[in-house]
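Laboratory data are not the source of any read-out in this text; all were calculated from the coordinates shown. Not measured: the values here are computed from a predicted model. Ideal geometry is used to build each Cβ from the backbone, glycine not excepted, and the neighbour counts take in all protein chains shown.
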Amino acid sequence: MKTIKLFLIIAIAVTFTSCDALKTATNTTGGAIFSLNGKWQLETNTPENTLTGTVVTVSPLVSEGKISTLSGNTQCYREKDIKWKNIKSDKTGGYRIDNLLSNCSSSSLVYQVANIYVVSNSEIRITGPNVAGQENTQIWKRIN
């Protein structure tokens, strides 16, 4: 009985503390309800032009997005790398994330703070610095 109670307490705690990606946000296109959960495919990546076609899957309970399919990989990413972590909704209807940058030059993963802007239910735009310190803009499309 104690085991079942402990399991339920842990499940409830995880649900309420780590599912910011589950929360809906009002997007910037007229007030529709939006959720980041699902699969996102990179359409454009400026100025780097890498990873185009890569798919990131956002899981509802862990507030992170893992690379599920790699494409255009010239920067040492691996499938199952956590590309977006610490996903937090912000007051403008978007999200703030820690975005994984190239991990070729280090044994540890390098993350930079980036912002997700909701364009529509099927498109998001991520802006933040790249490994060279330049402003990077990525356009991602929902694929499911």
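Quick notes
- For the range 36-94, the percent of C-alpha pairs falling in each 5 Å distance bin, counted from 0 to the bin holding the largest distance, reads 4, 19, 26, 23, 17, 9, 2.
- Counting other Cβ atoms within 10 Å as a rough exposure proxy, the listed residues 122, 108 run 108, 122 from fewest neighbours to most.
- The simple spin-label model puts a point 7 Å past each Cα toward its Cβ; for residue 135 and residue 112 those points are separated by 1.3 nm.
- Zero-based 10 Å bins, Cα pair distances in the range 20-142, whole percents: 14, 50, 30, 5, 0
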